[in-house]
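Worksheet: the structure to be examined is printed underneath.
The values are calculated or read from the model by the stated rules, or taken from the named source; none is laboratory data. Quick caveat: nothing in here was measured; it's all calculated off a predicted structure. Here Cβ is always computed from backbone atoms with ideal geometry, including for glycine, and neighbour counts include all displayed protein chains. These accessible areas exclude ligands, DNA and RNA; they are computed on the full protein's heavy atoms, side chains included. Shrake-Rupley method; radii C 1.70, N 1.55, O 1.52, S 1.80 Å.
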Amino acid sequence: MDDNKIKDIPENEDLSESVQDEANITEQDEGVLITAPEDNDIDSSEENKEELCILCEKNAPDKSYGEDYDLCTECRQNLIRSRFRFKGILALIAVLGCVMWSCTFLANQGTSIEAINEGYKYLKESKLNSALQSFGTVSAMGWKTARNLVDVCTDLGSIDNANYLLTSYFYDENAVDENGQPVTLLWIEKIGKSDINSSANKDIKQTYEFINRINGYANKYSGLFYQYYEQLQYGVITPSDIPYDDIIKQYNEMEAKAETNEEKGVITYYKLAISSICNADTKIQYDYCIKLSELLPECKWMYTENLVMLSIKMGKHDDAKALIADLRTTNPENAYADLYEGISFRYQGKYDEAMKIFETIIADVENNQILDIYYEALVCQFMAGNYEKAYEYATLCFENREYLTYDILYFYAMLSEQLGVEGGYDAAADLLATNNEKLSPTVDKYIKGEITAEQLFKNGEVVFE
Amino acid sequence: MTVFYVLSKILTFPGALTKALFEQIMCRIFKCPVEDNRYLRTDKMCGHIEHEAINSPVKSYLFCFIPGLLNFLLAFTIGLFPLVNILNLGNYSGFVVFPQEMTQTVQNPEMLEAPVRTLDLAILFFFVWVSISLLSNLFPIIKDAVIMKEQYKKLPVALKVIFYPGYIGMQIGARLEKFGLTLLILIALTAFAVIYPDLYIPFISQIAIIPSKISAFVNKIYLDITYR
């Protein structure tokens, strides 16, 4: 050993122990590269030993490393080049494998992490739609992300999404079945999910419980509504075929038996829905909506937007303005709030102000996805007497079938004739003919001058036969 | 105390093995004879190699510092994956994907869900363990720390200032590791990290997207070369 180097080291208990250990190393240890000389050798050839390397006992020690250095150059080189242990190399390969795996996954998850960071940034700014869009692109979504997303969905009124997130990423340890017996969950079912009862989830537990209750009531009372709604959707019946009075009567009977405001609120919600699809009087719908807001005040998503439109139709523009402001408080970038504001201006006859808002929405339509905006802009320009502008919107919708509705198609046919554009009317009729349908008689009446532009509207709404 | 020390090294054997291997590599680079290259043993040298004293101040410092640094970098890279998935995303799935051919042969895909989810979870916690095992083997053995302390006095003032944080860290770490305390401290820190993720997640999530950026950059270069 190099005593010259060791002597620089202060006396230390650990060091002395270590040196002592060195002397005790025996041949039985597989990895030992230095073996202690046997006692007999020390006794028998003390004079020679000083001159020879303690390992090979053949060459003289290399004294260039110090006078007391006891290894020869060859043995020293051998010790420097001592081979690496296989298990060390194996461990390093395994660890490097883990590093590769980790980096590969992180590379794949990079976009998710960025989207989540962006989502949180939008959440801080209360930009709920943008946050929802950012979170929506996350592929590696976990319960932590889901927890934030539940809040966003609830605030936006996207209860179906909130419900999906709650059932996918959370479990209820205290859940009971229909008979009141605890539901036993396997541990495997809990992987990747969070217990809704944990303190971390206290914010969304209320939502979870509320959605469960509402879902229960909805299952109980939705049958009557969906029985007709689905037929209407598939074109089996028309709104006039729905026994509106009978349905309302049945719902009233259910409401009389309902115990809680939530239950009554859900029933009122379906009454409002059926009155809406049956085109019941605006006043009736408005009253249902007001009642719903009183029964379930916290569920703004159930009534606010309906109430805004009904207030506008009822001419209560100040109420509508307050509700629009409320929508913006929850979500400053709510494009629907802008849409309703524009519609409110249109109903008040302030077409220029309405068009400014509509054009802003159209400029960002790829982002806000409000396709109805083209219809609103068209109607606004038509009511303002700007028929050419209205025709531009109608043409745009006709060419891009994604935006096209029956009403827009009727306007396209009417305006084509009015502005003397050849082929427009026929193209609209041909399009309908492919579906065995015809243009509304109102279109022909307008073209023949039997009705005026003003007569096309009833309470601000276009009425095609 | 040796019992705790050896136990901590055995529990964290991947880190102990790589640390000892890195020490041996350093010895070879610095041309320092290795006297005993057993990596795992049942005495105070467990997780380290026995070598001649290094007589150069800088080499002595680097010998103690670099193996620990390498272990730290490996631990950080490995630990980032479970850290981001568990604490940032709360995501515990999607790491194990069976080949499409295999999934098509299974009539009910839900049959695969349980084993896949178990494997997903096992991978996450395996990575946590490997990362902790590497992190609990950052510091030199007390003998090397004592040698480094003596050699440190011979360093020029400028290097002393530069090396000071590492020097202090290694001196304290070596004494903690002597009693097997690094593992316990690390477990406590992990618990703290779990309880207060918001303290570091914004920073961590910025680092976690680096592999994705590198991947995108490499992909761009590859496409440029391929379609040039």
With the cut-off at 1.5 for a/c, could you classify the stretch A:371-465 from its C-alpha gyration tensor as rounded, prolate or oblate? rounded
Got a number for carbon plus sulfur as a percent of the stretch A:86-203's accessible area, 1.4 Å probe? 55 percent
Let me know the mean shielding of B:24-34 by other chains, meaning the per-residue number of their Cβ atoms within 10 Å of its Cβ. 4
Taking H placed 1.01 Å from N in the peptide plane, check which residues at least 5 places from A:Ser194 or on another chain put their amide H under 5 Å from its amide H. A:Phe170, A:Tyr171
Whenever you get a sec, line up B:Arg28, A:Arg76 from highest to lowest accessible area (probe 1.4 Å, protein heavy atoms). B:Arg28, A:Arg76
So what is the accessible area of the protein assembly as shown per residue, in Å², with the probe set to 1.4 Å? 53 Å²
Name the shape class, rounded, prolate or oblate, that the alpha-carbon gyration tensor gives for the stretch A:291-363, where a ≥ b ≥ c are the square roots of its eigenvalues, rounded holds for a/c under 1.5, and otherwise prolate holds if a/b is larger than b/c and oblate otherwise. oblate
Whenever you get a sec, line up A:Cys103, A:Cys72 from highest to lowest accessible area (probe 1.4 Å, protein heavy atoms). A:Cys103, A:Cys72
Nearest 20 debye, what's the magnitude of the dipole of the stretch A:156-229 about its Cα centre given +1 on Lys and Arg Cβ and -1 on Asp and Glu Cβ? 160 debye
Not counting ligands, DNA or RNA, and with a 1.4 Å probe, what is A:Trp301's accessible surface area in Å² rounded to the nearest 10? 80 Å²
Counting other chain Cβ atoms within 10 Å of each Cβ in B:134-142 and taking the mean gives 1
Neighbouring partner chain Cβ atoms per residue of B:75-86, average, 10 Å criterion: 5
Tell me, what HN-Hα J-couplings in whole Hz come from the Karplus equation 6.51 cos²θ - 1.76 cosθ + 1.60 at θ = phi - 60° for each residue of the stretch B:205-216, using x for Gly and Pro? 5, 5, 6, 5, 8, 4, x, 5, 5, 4, 4, 5
Ranked highest first by the average count of other Cβ atoms within 10 Å around their residues, in what order do B:188-200, B:78-90 fall? B:78-90, B:188-200
Helical contribution to [θ] at 222 nm, DSSP H n ≥ 4, -39,500 (n - 2.57), averaged over chain A, rounded to 500: -20000 deg cm²/dmol
Taking a probe of 1.4 angstrom, what is the accessible area of A:Thr137 in Å², to the nearest 10? 100 Å²
So how strong a dipole does chain A carry about its Cα centre when Lys and Arg Cβ are +1 and Asp and Glu Cβ are -1, to the nearest 20 debye? 3120 debye
Too long at a 31 Å Cα-Cα cut-off: which of A:Lys127/A:Lys205; A:Lys124/A:Lys313; A:Lys121/B:Lys9; A:Lys124/A:Lys291? A:Lys124/A:Lys313; A:Lys121/B:Lys9; A:Lys124/A:Lys291
Leaving out ligands, DNA and RNA, calculate the buried accessible area for the pair B and A with a 1.4 Å probe, summed over both sides, in Å² to the nearest 100. 5600 Å²
Given the rule -39500 (n - 2.57) for each run of at least 4 DSSP H residues, summed and divided by the residues of chain B, what is its mean residue ellipticity at 222 nm, to the nearest 500 deg cm²/dmol? -23000 deg cm²/dmol
Of the residues A:Tyr351, B:Asn88, B:Ser56, the Cα lying farthest along the dipole of the protein assembly as shown towards its positive end, which is defined by charges on the beta carbon of Lys, Arg, Asp and Glu, belongs to B:Ser56
